[in-house]
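The values are calculated or read from the model by the stated rules, or taken from the named source; none is laboratory data. If you're wondering where the values come from, they're calculated on a predicted model, not measured in any experiment. Don't worry about glycine lacking a Cβ; one is built from the backbone with ideal geometry, like all the others, and counts go over all protein chains shown.
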Amino acid sequence: MTRIKRGVQAHRRHRKVVKAAKGYRGLRSKTFKQAKNALMKAGQHAYAHRRLKKRTYRSLWITRINAACRAMDVKYSRLIDGMTKKDIRINRKQLSEMAIHDPDAFKAVVEAAMA
């Protein structure tokens, strides 16, 4: 069986990895070994932070809703409890947007939940 030399494929793979690490600091953007490790670590961070982003946004929405509720002398927990009991199904993202862009509609929801 003939021998297969892998120089071309290896060079192509190395070049692809180094190109993906463009913009990294120091040898992480220049050498294959460092770039490969940097990309693996970056991938781990990206995976984790895609999940963390969801938590962060939810807490932001809750904070905004709470601030809008407090202006109407209602606590966030009381609003959510009232909405659950009255079977008003609006998610926190929509409530947050409503509190910012349409305060009248938000006030109507709060009054309906507290009635």
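Considering every residue within the stretch 55-66, establish whether at least one is part of a helix (DSSP H, G or I), free of Cβ contacts under 8 Å to residues at least 40 places away in the same chain and closer than 30 Å to Lys16 by Cβ.
Taking every residue of the stretch 55-66 in turn, none turns out to be part of a helix (DSSP H, G or I), free of Cβ contacts under 8 Å to residues at least 40 places away in the same chain and closer than 30 Å to Lys16 by Cβ.
Scan the stretch 67-101 for residues that are out of contact with any Cys (no Cβ under 8 Å at 6 or more places or on another chain) and part of a loop (DSSP other than H, G, I, E, B) and jot them down.
Within the stretch 67-101, Ala71, Met72, Asp73, Val74, Lys86, Asp87, Ile88, Arg89, Ile90, Asn91 meet the criteria.
Give me the pairs: first residue in the stretch 21-40 and over 20 Å from Ala10 (Cβ atoms) and surrounded by fewer than 16 Cβ atoms within 10 Å (Cβ to Cβ), second residue among the polar types (S, T, N, Q) and modelled with pLDDT of 95 or more, beta-carbon distance under 7 Å, and six or more apart or on different chains, which are they?
Qualifying pairs under 7 Å: Gly23/Ser29.
What residue, among those in the stretch 48-77 that are hydrophobic (A, V, I, L, M, F, W, C) and over 17 Å from Ala108 (Cα atoms), is surrounded by the most Cβ atoms within 10 Å (Cβ to Cβ)? Break it down stepwise before answering.
Looking only at the stretch 48-77, we keep the residues that are hydrophobic (A, V, I, L, M, F, W, C), and these are 48, 52, 60-62, 65, 67-69, 71-72, 74.
Retained after the next criterion (residues that are over 17 Å from Ala108 (Cα atoms)): 48, 52, 60-62.
On the way: Ala48: 10, Leu52: 11, Leu60: 13, Trp61: 18, Ile62: 15.
For the stretch 48-77, the residue satisfying everything is Trp61.
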